[in-house]
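Chemist: Supplied in structure tokens, the structure appears directly below.
Read-outs throughout are calculated quantities, based only on the coordinates presented, and are distinct from any laboratory measurement. Quick caveat: nothing in here was measured; it's all calculated off a predicted structure. Cβ placement follows ideal geometry from the backbone for every residue including glycine, while neighbour counts extend to all protein chains displayed.
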Amino acid sequence: QPSNDDHGAVVIDNFSATEGVIDEDCDANELAIYMYDSYGDGWNGNVLTIGEEAFEIEGFSDGDTAEACLEDGSYSVTCDSGSWQSEVSWQIVDAEGTVLLEGGAPYSGVLQLGETSDILGCMDPDAINYNPDATVDDGSCYYAGDFCDIAIEYTGDFDGLEPVNGATTYAGDVEWYSFVLDQAYDNLNVSLIGSDFDTQLDVYSDCATMLGSNDDYEGAQSQVNLFDVPAGTYHCMV
């Protein structure tokens with residue numbers, strides 16, 4: 001249902017892509033949902049949700065289509081929960097053929113339809129781009145460490161005794177860290193030794209210049225050894 005006070009019915013019917021016709025009885029926003037799988041074996045558990053409604057390609061297929069009739073408002077849209085997500089894509093199209101939203105998996109966003117007073121934005125006060133005026137979270141929040149230019153700053157001594165701690169939460173998750181050298185070093189070792197999970201470490205001077213990369217220096221742990229390192233700011237992608 002919409003997130004504002006215009007609570008209207010949502011009508012969803014699955015039908016084949018070759019027979020898909022927008023519901024002629026819909027007196028709200030007529031939508032077609034096109035779902036594709038590049039490999040042709042279905043969505044492997046991935047599900048597209050619009051508000052409280054769920055869509056997926058069931059069985060061994062390269063595509064399917066569904067229709068929806070939604071009242072004006074803001075609807076949370078996600079696509080996730082399965083495997084082989086690089087194969088997944090979808091489009092939400094209005095009655096005039098305009099693509100309102102499209103994406104793959106994983107995905108998180110908001111579909112706005114018609115007239116609404118909702119304000120989209122990041123609603124997490126802990127996020128860097130928090131918007132206190134937002135009434136609907138659009139999935140745009142980002143946090144320290146998400147990108148090189150907002151890296152988590154290391155402020156400890158460079159004696160190997162005071163680590164900087166962070167967390168990755170899933171395979172492929174990336175965290176950025178930065179540190180400043182106030183003098184040149186003949187040898188500098190940047191290490192993830194002590195981690196109890198598989199790691200990869202990339203070390204940069206600026207955000208575009210990689211100085212070294214390592215995967216599994218000691219078991220599943222990573223380390224980059226640098227030589228003749230000048231003073232300056234450095235960045236690490238973990």
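Chemist: Based on Cβ point charges of +1 for Lys and Arg and -1 for Asp and Glu, what charge dipole magnitude is obtained for segment 11-137 about its Cα centre, in debye rounded to the nearest 20?
Modeler: 500
Chemist: Ok, one more. Stretch Ala231-Val99 to full length: gain in nm at 0.36 nm per residue minus the Cα-Cα span?
Modeler: Additional length available on full extension: 42.5 nm.
Chemist: Next question, about the same structure. Given the C-alpha centroids of segment 70-128 and segment 172-238, what is the distance between them in whole angstrom?
Modeler: 36
Chemist: Out of residues 5 or more away from Ala220 or on other chains, whose amide H comes under 5 Å of its own, with H placed 1.01 Å from N in the peptide plane?
Modeler: none
Chemist: Sticking with this structure for a sec: Given H placed on each backbone N at 1.01 Å, which residues far from Leu100 in sequence or on other chains put an amide H within less than 5 Å of it?
Modeler: Ile92, Val93, Asp94
Chemist: Please list, in chain and number order, the residues 5+ apart from Glu67 or on another chain whose amide H is under 5 Å from its amide H, with Hs placed from the backbone.
Modeler: So Glu67 has HN proximity to Asp13, Phe15, Ile33.
Chemist: Would you mind computing the Rg to Rh ratio of segment 93-160 from its alpha-carbon coordinates, Kirkwood style for Rh?
Modeler: Reported Rg/Rh, Kirkwood definition of Rh: 1.18.
Chemist: For segment 11-137, report the translational diffusion coefficient in µm²/s to the nearest whole number, using Stokes-Einstein at 20 °C, 1.002 mPa s, and a Kirkwood Rh over Cα pairs.
Modeler: Using the Kirkwood radius from Cα pairs, D works out to 139 µm²/s.
Chemist: Using Cβ contacts closer than 10 Å as the measure, can you line up Glu56, Glu30 from fewest to most?
Modeler: Glu30, Glu56
Chemist: Going by average Cβ density within 10 Å per residue, which order do the peptides 205-213, 32-40 take, highest to lowest?
Modeler: Put in order of decreasing packing, that is 32-40, 205-213.
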